[in-house]
1. Looking at S112, S130, S155, S139, which is the one that is closer than 19 Å to D74 by Cα and not assigned by TED's automatic domain parsing to the domain that holds R223?
2. Go over the candidates E113, E82, E103, E71 one by one and state the one that is acidic (D, E) and free of Cβ contacts under 8 Å to residues at least 12 places away in the same chain.
3. Just to be sure I understand, how many residues within region 255-279 are among the small types (G, A, S) and surrounded by 15 or more Cβ atoms within 10 Å (Cβ to Cβ)?
4. Considering only strands (runs of 3 or more DSSP E) fully contained in region 166-277, which possess at least 2 residues that are closer than 21 Å to A56 by Cβ?
5. Specify which of the listed residues (A108, A169) is farther than 30 Å from T180 by Cβ and touching a Lys or Arg at 6+ places or on another chain (Cβ under 9 Å).
6. Residue pairs, Cβ under 6 Å, 6 or more apart or interchain, first in region 40-52 and free of Cβ contacts under 8 Å to residues at least 12 places away in the same chain, second assigned to a loop (DSSP other than H, G, I, E, B) and crowded, with 21+ Cβ neighbours inside 10 Å. List them.
7. Which of the residues that make up region 18-39 are at pLDDT 95 or above and surrounded by 16 or more Cβ atoms within 10 Å (Cβ to Cβ)?
Amino acid sequence: MNSVQQVAVGAPLFPEWFDLQPSSPIRQGDVLQAIATDCDRWRQTLVILTADCDLAHAKHGGALTCVPLLEAPDYLLSFRAERLRDGLVTRLVAKLLKVYRSEARDGAVQISEERMRSWLAEEADTRALSAALKLAGASAERFNSIALCAGALLSEEPSSIRQAVWSLAAAKLELGDVPTDDRARQAVASDFASCLRELPGDALFLNEVSPAHVSGYVAYLRRVIELDDTVVALTASRLPGDAEYVRVSRLRSPYIYALTQRFASVFSAIGLPEEYEKAHDANAERVRSLEGI
């Protein structure tokens, strides 16, 4: 299995969950699955972070604090593919403007990067763009090739990691970052894999979260979702008519504690003024230069 497939499919390598008795009460770390199949991906699979003591003594006011568990490909498409795409589009637009300006005559209209980007998003026929700019011959062909690649990135919303890899790789090849299609795809797939291995502090990777959720998930801690505890069914065999979620498992220790620790650190970080940071740097520089000490 190649790196593209590993990222896209995942592998049930390590279970971070355990099964529950139907009589077990709701507790921190419980994994909830939306009953509605058309539920927004941010609300499809959730994990409860409300403290056990609050739940046991009914101090939570009936509200369960949760964070989403995104399938790994969904996380990568939302947080990595978009950043890669924006960077590549910026470079492609700069290259288009370079081709145009090299051929533009005195008095030719000046086009900003922002206008060129919006023009690409609006116009599906790249040859119409080069014609409007009065480009011809080799310059027009070069412009059309770059514009076609940039336009595809702007207009397409990849539905899978494989599709994202192919479109991003085409842009890297057009820009000359890599010599072949295979090398380009390997570079993008490796980038996705690295992103998944080295998640930022506001995310935690989980291999498996229930018997039916085994393809790799990312708990995203910056999107907090509250649920009324009355809409959660403890087991699939007992689904009241107003149930919106069913509990499917509970995270093991230490994974739930790692999750809550990261959650606390995300929202407890205190930003300090820029002036403070500059003064801090100045004092460190004094130590480095042995000035006045």
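1. S155
2. Going through E113, E82, E103, E71 in turn, the sole match is E82.
3. Of the residues in that region, 1 qualify.
4. 225-228, 245-251
5. A108
6. Hits for this filter: zero, empty list.
7. I26, R27, Q28, G29, D30, V31, L32, Q33, A34
The values are calculated or read from the model by the stated rules, or taken from the named source; none is laboratory data. Nothing here was measured: the structure is a model prediction, and the numbers come from that model. Cβ coordinates were reconstructed from backbone atoms using ideal geometry, including for glycine residues, and neighbour counts include every protein chain displayed.
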